[in-house]
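The values are calculated or read from the model by the stated rules, or taken from the named source; none is laboratory data. This is a predicted model, so every value here is computed, not measured. Every residue, glycine as well, gets a Cβ built from its backbone with ideal geometry; the counts of neighbours run over all protein chains shown. In case anyone asks, the SASA skips ligands and DNA or RNA and just uses the protein heavy atoms, side chains included. Shrake-Rupley method; radii C 1.70, N 1.55, O 1.52, S 1.80 Å.
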Amino acid sequence: MNYEIVVGLEVHCQLNTESKAFCGCSAKFGKAANTNVCPVCLALPGALPVLNARVVEDAVKLGLATGCTIARNSILARKNYFYPDLPKGYQISQYEEPICSEGMLHVETDEGSKDVRLVRIHIEEDAGKSIHDIGDDTYIDVNRCGVPLLEIVSYPDMRTSKEASAYLQKLRQIVKYLGISDGNMEEGSLRCDANVSVRPVGATEYGTRTEIKNMNSFRNVERAIEYEAKRHIEVIEGGGAIVQETRLWDADKLETRSMRGKEHAHDYRYFPDPDLVPVLVDDGMMHRMREELPEFPEDRAARFVSEFGIPAYDAGVLTVERELADYFEATLNVSGDAKASSNWVMGEVMRTLKEKYLDIHEFAISPERLGGLIRLINAGAISNTIAKQVFELMQEDEATAEAIVEREGLAQVSDTGAIEASIKEILDANQKQLEQYRSGKTQLFGFFVGQCMQKMKGKANPKVVNDILKSMLEG
């Protein structure tokens, strides 16, 4: 029997607010354990939460970006459960009345395109963290308690692990473009739980699902879904039944293992938080959030093609990250050459970022300085070969490309006399190759050009070299 996979994702996106969702404590990652805490985080008697307005604004932005209906009035609720790293004994979340509902994400994969529907986006606070790798004991760090999250819940619309990965990547791209989260999966800024089931191809009823946790990369999301689907099929084919449960993904063993029985909503005893008033979204906020929405990747890529004339492939690469697209446009504003700017950003810049594990905002060469370098090339002041040397120097030096070229004596040589003298020396020193060239082995032309460029340390004007060399060889 042939089976199809049915996948829905629950994604927790940590917002990059300065303070937590319901108090003034810092929400920054990486602080010493239990230093970003206060009576509100710990739910000490008498402490009252106050909702961070930025959390509501970020939720509305994401809702608008994904085509959701925005609730003008929504309720914050208490989700009650016991866990060592949850000192309150409950988590502030939303249940019956989420702030955003019924949205859509369009994703593209090698298998085709897919529209994935969203059930809801709601506000939630994070729990703390249990630490198991210090000796034999378990320690609790409550710094993360109260850090603001948005939970994005999809319908079970995905049918392959590739679609699930593409959906998650698209969601990460959107929250980064909006500037509401860094989307860092390794640090837990974007956490994904997958609900997986299988059913015979053509069936309309869903099978029993299991929830998979602890997936901290796109590749692990794919692997976990594939493993779990295979496990479901083996159990069913063996005459067994799938148990609805929560399972943990083990990235070392590449397998899932049972964690606990799957809870139902009534297990959490949701009820409206009596300490918090309803969340109201008025016309003014809706208008402001619409005005603050950025130009999203698809629209920006289309504009790059139509306005700047660069290939669609280039535009797609340059707009994957908002910061990279900004860097390209700022470079172009100085260089005036779209294709050259695209080539340098996609080539040398992205290569350097990858080699040095940098984000574009950490890169040493500003777009203004890179644009200046491209202008020198286009003006014939330096060759592409020399430009790459200057590019490397610019990473260690805050000077402009023009200043570095002048200081290092790297200006391009277009003096025909000097180039003629160099070519004559090369031809005299390579008589055998010269005879072969004149006997019809014309591919040696490139050899002579290379020898000349090497002799002049890459500073000779390539066009002048080609013209003079051709003239002297034919002569």
So PHE82 clears everything in (1) surrounded by fewer than 17 Cβ atoms within 10 Å (Cβ to Cβ); (2) closer than 21 Å to VAL56 by Cβ; (3) of a type in the set (Phe, Trp, Tyr) except one condition, right? Which one?
(2)
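Would you confirm whether or not the range 308-322 contains a residue that is closer than 30 Å to ALA53 by Cβ and either among the polar types (S, T, N, Q) or in a helix (DSSP H, G or I) (or both)? Before the answer, list the steps.
Taking the range 308-322 first, the residues closer than 30 Å to ALA53 by Cβ are 321-322.
So of that shortlist, the ones also either among the polar types (S, T, N, Q) or in a helix (DSSP H, G or I) (or both) come out as 322.
Looking through the range 308-322, at least one residue is closer than 30 Å to ALA53 by Cβ and either among the polar types (S, T, N, Q) or in a helix (DSSP H, G or I) (or both).
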Qualifying positions in the range 306-327 - touching a helix residue (DSSP H, G or I) at 6+ places or on another chain (Cβ under 6 Å), of a type in the set (A, V, I, L, M, F, W, C) and either more than 24 Å from HIS106 (Cβ to Cβ) or open to solvent by 60 Å² or more (accessible area, probe 1.4 Å) (or both)
PHE308, ALA312
Show the residue pairs that are 6+ apart or on different chains and have beta-carbon atoms under 8 Å apart, the first residue being within the range 382-411 and of a type in the set (Ser, Thr, Tyr), the second being surrounded by fewer than 17 Cβ atoms within 10 Å (Cβ to Cβ).
SER383/PRO462
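Picking from ALA21, ALA27, ALA59, which residue would you name as being open to solvent by less than 20 Å² (accessible area, probe 1.4 Å) and touching a Pro at 6+ places or on another chain (Cβ under 6 Å)? First the steps, then the outcome.
Details: ALA27 fails: touching a Pro at 6+ places or on another chain (Cβ under 6 Å); ALA59 fails: touching a Pro at 6+ places or on another chain (Cβ under 6 Å).
Of the residues listed, the single one that is open to solvent by less than 20 Å² (accessible area, probe 1.4 Å) and touching a Pro at 6+ places or on another chain (Cβ under 6 Å) is ALA21.
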Picking from VAL37, VAL55, VAL60, which residue would you name as being part of a helix (DSSP H, G or I) and closer than 17 Å to GLN91 by Cβ?
VAL55
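For the range 155-166, which positions are under 18 Å from TYR206 (Cβ atoms) and under 20 Å from the mean Cα position of the chain (by Cα)? Outline the logic, then answer.
Here is the first cut: in the range 155-166, the ones under 18 Å from TYR206 (Cβ atoms) are 155-161, 163-164.
Within the range 155-166, SER161, GLU163, ALA164 meet the criteria.
With a cut-off of at least 2 residues that are open to solvent by 30 Å² or more (accessible area, probe 1.4 Å), name the strands (runs of 3 or more DSSP E) lying wholly within the range 91-170.
Values: elements: 100-109, 112-125, 129-134, 137-141, 148-154.
In the range 91-170, 100-109, 112-125, 129-134, 137-141 are the strands (runs of 3 or more DSSP E) which contain 2 or more residues that are open to solvent by 30 Å² or more (accessible area, probe 1.4 Å).
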Does any residue of the range 432-447 turn out to be closer than 26 Å to ARG351 by Cβ and out of contact with any strand residue (DSSP E or B) (no Cβ under 6 Å at 6 or more places or on another chain)?
yes
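Could you identify the single residue in ARG288, ARG257 that is touching an Asp or Glu at 6+ places or on another chain (Cβ under 9 Å), open to solvent by 80 Å² or more (accessible area, probe 1.4 Å) and not in a helix (DSSP H, G or I)? Please lay out each step first, then the result.
Details: ARG288 fails: not in a helix (DSSP H, G or I).
ARG257 is the lone residue from the list that is touching an Asp or Glu at 6+ places or on another chain (Cβ under 9 Å), open to solvent by 80 Å² or more (accessible area, probe 1.4 Å) and not in a helix (DSSP H, G or I).
Do you know which of the residues in the range 39-49 that are exposed (fewer than 14 other Cβ atoms within 10 Å of the Cβ) and without any contact (Cβ under 8 Å) to a residue 60 or more places away in the chain is nearest to the chain's Cα centre (by Cα)? If you could, list the steps in order and put the result at the bottom.
Keep residues of the range 39-49 that are exposed (fewer than 14 other Cβ atoms within 10 Å of the Cβ), which gives 39, 44-46, 48.
From what is left, the residues that are without any contact (Cβ under 8 Å) to a residue 60 or more places away in the chain are 39, 44-46.
Numbers: PRO39: 35, LEU44: 38, PRO45: 41, GLY46: 41 Å.
Only one residue tops the list, namely PRO39.
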Only one of (1) assigned to a loop (DSSP other than H, G, I, E, B); (2) open to solvent by 20 Å² or more (accessible area, probe 1.4 Å); (3) within 20 Å of ASP193 (Cβ to Cβ); (4) aliphatic (A, V, I, L, M) does not apply to ILE5, and that is (1)
Could you check ALA224 against (1) open to solvent by less than 40 Å² (accessible area, probe 1.4 Å); (2) closer than 22 Å to GLN14 by Cβ; (3) in a strand (DSSP E or B) and say which number it fails?
(3)
For the range 63-90, what are the residues that are in contact (Cβ under 8 Å) with a residue 60 or more places away in the chain and part of a strand (DSSP E or B)?
ILE70, ASN73, SER74, ALA77, ARG78, LYS79, ASN80
